[in-house]
1. Do we find a residue being open to solvent by 50 Å² or more (accessible area, probe 1.4 Å) and either assigned by the TED database to the domain that holds Val44 or closer than 24 Å to Val46 by Cβ (or both) anywhere in the stretch 533-545?
2. In the stretch 289-305, what count of residues is obtained for those that are open to solvent by less than 40 Å² (accessible area, probe 1.4 Å) and not in a strand (DSSP E or B)?
3. Looking only at residues that are within 18 Å of the chain's Cα centre (by Cα) and β-branched (Val, Ile, Thr) in the stretch 19-54, which one is most open to solvent (accessible area, probe 1.4 Å)?
4. Using the structure shown, decide if Ile495 is of a type outside the set (Ser, Thr, Tyr), surrounded by fewer than 23 Cβ atoms within 10 Å (Cβ to Cβ) and at pLDDT 80 or above.
5. Answer with yes or no whether Leu318 is of a type in the set (A, V, I, L, M), assigned by the TED database to the domain that holds Glu338 and closer than 30 Å to Asn370 by Cβ.
6. Determine if the stretch 381-395 includes at least one residue that is open to solvent by 70 Å² or more (accessible area, probe 1.4 Å) and under 17 Å from the mean Cα position of the chain (by Cα).
7. Residues to consider are Tyr284, Tyr263; find the one that is in contact (Cβ under 8 Å) with a residue 24 or more places away in the chain and under 24 Å from Phe382 (Cβ atoms).
8. Going through Leu445, Leu421 one at a time, which residue ends up being open to solvent by 40 Å² or more (accessible area, probe 1.4 Å) and not aromatic (Phe, Trp, Tyr)?
Amino acid sequence: MVWVAAFGVLSSGLAVLSSFGLLLFCGVPFVVTVANAPFLILGVGVDDMFIMVSCWQLTNTKNKVEKRMAETYAEAAVSITITTLTDVLAFYIGIMTSFQSVKSFCLYTGTAFIFCYVYNITFLGAVLALNGKREEGNRHWLICTKVKDTVQPNRSRLYNVCCVGGFSDKSSGTGGEHPVNKFFRKYYGPFLTKTWTKMFVVLLYGAFLASSIYGCTKMKEGIDLRNLASDDSYVIQYYDWENKYFSEYGPRVMVIITKKVLYWNASVRNDIENCMQSLENNSYVDKSLSESWLRAYENAARNNSLNIDSKAFFMGNLSRLFTLFPEFEWDIDISYREIAASRFFIQTVNVTTAVDEKNLLNQLRDIAKNCEMPLMVYHPAFIYYDQYIVIVPNTIQNIGIAAGVMLCVSLLLIPNPLCSLWVTFAIASVIVGVAGFMAYWDVNLDSISMINLVICIGFSVDFSAHISNAFVSSEKSTANEKAVDALHLLGYPVIQGAISTVLGVLALAASKAYIFRTFFKIMFLVIFFGALHGLVFIPVFLTFVDICSRSNKRVN
């Protein structure tokens with residue numbers, strides 16, 4: 001099915017092109033994080049193709065193409081719809097965040113998923129139907145000419161391999177069982193459903209959960225500013241030297257009086273001084289390194305017997321201050337012989353972690369808010385400190401809302417409440433695993449990793465939903481047989497989807513930019529743990545629940 005595979009990749013490319021073109025036309029900002037999206041869409045689009053091809057190959061080759069297509073869509077459409085809907089909702093829920101970069105990424109990627117779904121069930125479906133016509137006519141896979149359906153003894157082996165078709169199983173009418181599907185049915189499924197294997201899986205899950213929870217307690221908040229630059233940028237060297245030689249000093253914060261006040265009024269100057277002292281008494285501030293033009297002006301006035309208690313004298317004598325301290329001229333905004341605004345400086349110290357930065361920002365802002373003067377504290381780094389204040393609440397909010405939405409979607413689309421609950425369980429379990437192992441892989445909780453945790457919700461549904469839905473839909477009589485049947489049907493597509501998604505983002509692993517490397521790390525964790533749940537944990541746990549439910553029915 002070479003043509004189907006090729007057009008499946010093309011379908012994903014068309015989805016990226018359509019979504020990006022539409023949103024750029026609508027004026028949605030394109031930020032650097034959006035550059036991750038095409039790698040992700042490529043992997044996910046190919047996942048859906050694998051599901052459709054897998055269901056197609058299970059149909060009877062003796063049937064008409066129309067019937068085979070109907071059977072394919074009956075099996076594949078539900079799984080693809082569920083996973084696409086959950087992925088799209090997960091990304092659109094991410095738009096609720098406070099960060100513009102996250103909003104743009106989620107909007108671009110969620111829209112691309114919609115186009116990917118539409119192209120898969122229309123464009124790719126049409127390609128699959130045409131390929132079915134080719135199979136029905138026993139035509140060559142490349143040049144589409146009629147080929148013989150029996151081996152020609154007088155021809156070379158290469159000719160028989162390339163130009164002889166019709167090797168479907170004549171008795172069953174199927175295209176033959178793929179070796180990996182056979183492995184899941186004959187070896188892996190029976191092995192996984194043995195009693196001692198199940199006990200080992202339970203112990204393995206306990207170790208996974210304990211390690212993940214411990215990792216969550218060690219997670220760090222905030223983004224290192226050096227990570228915003230490329231690895232070969234001189235900015236990296238700058239931050240390394242700053243950390244080595246000036247690590248005890250934090251940002252030099254501006255204290256700005258934002259409105260016109262009566263500086264020549266002694267009581268007003270006293271209020272300003274009280275505000276400065278309140279800021280200097282903070283544990284993160286070194287009062288000996290503060291800088292105030294007003295203090296210098298008052299000292300100069302006392303030493304030179306200058307009168308600054310009226311507007312005329314105060315404004316008229318400012319030139320003497322600038323003669324003594326020329327640098328203070330930059331701290332006063334004079335407009336029409338009025339001081340429109342002015343600023344002072346305080347030096348922060350011992351601000352070494354993201355928690356310190358968050359505490360510093362909150363404490364300085366609280367002091368400024370309670371001051372009698374209209375004060376604002378500011379430093380260019382505060383734009384990064386602000387995210388530390390909202391990152392945890394935003395992450396919890398987005399994950400909580402998304403998980404709830406995923407449960408509702410599962411209950412609506414999967415005709416079994418038990419299956420929906422297991423899908424929700426897999427979401428929570430994978431999120432805990434990814435968040436915990438982020439700490440082991442030196443990934444902090446910041447706006448970049450928050451994007452990926454939102455993605456985690458959508459992708460963790462994919463693997464568990466496929467397997468859970470196949471389990472509860474199986475007509476086998478025992479729980480173990482249902483698990484084997486589910487793995488036989490969808491184990492191979494799950495592996496294909498996991499590998500294709502990882503390969504899709506693998507190029508980002510070698511990037512010189514922290515943003516792209518972080519995206520790869522978390523996507524790898526999401527896919528690995530999602531596949532682990534879908535192929536190992538969920539099948540085993542479903543057998544336990546199915547056995548318990550059957551036992552309760554017999555007791556009743």
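1. Residues of the stretch 533-545 open to solvent by 50 Å² or more (accessible area, probe 1.4 Å): 544.
Narrowing the set further to residues that are either assigned by the TED database to the domain that holds Val44 or closer than 24 Å to Val46 by Cβ (or both) leaves none.
No, the stretch 533-545 contains no residue that is open to solvent by 50 Å² or more (accessible area, probe 1.4 Å) and either assigned by the TED database to the domain that holds Val44 or closer than 24 Å to Val46 by Cβ (or both).
2. Qualifying residue count for the region: 7.
3. Once the filter is applied, the top-ranked residue is Val32.
4. Yes: the conditions hold for Ile495.
5. Values: of a type in the set (A, V, I, L, M): yes; assigned by the TED database to the domain that holds Glu338: yes; closer than 30 Å to Asn370 by Cβ: yes.
It is true that Leu318 is of a type in the set (A, V, I, L, M), assigned by the TED database to the domain that holds Glu338 and closer than 30 Å to Asn370 by Cβ.
6. Within the stretch 381-395, one or more residues are open to solvent by 70 Å² or more (accessible area, probe 1.4 Å) and under 17 Å from the mean Cα position of the chain (by Cα).
7. Tyr284
8. Leu421
The values are calculated or read from the model by the stated rules, or taken from the named source; none is laboratory data. Everything numeric here is computed off the predicted structure, so don't read it as measured data. When we count neighbours, we look across all protein chains shown, and the Cβ atoms used for this are built from the backbone with ideal geometry, even at glycine. Surface accessibility is based on the protein's heavy atoms, side chains included, excluding ligands, DNA and RNA. Shrake-Rupley method; radii C 1.70, N 1.55, O 1.52, S 1.80 Å.
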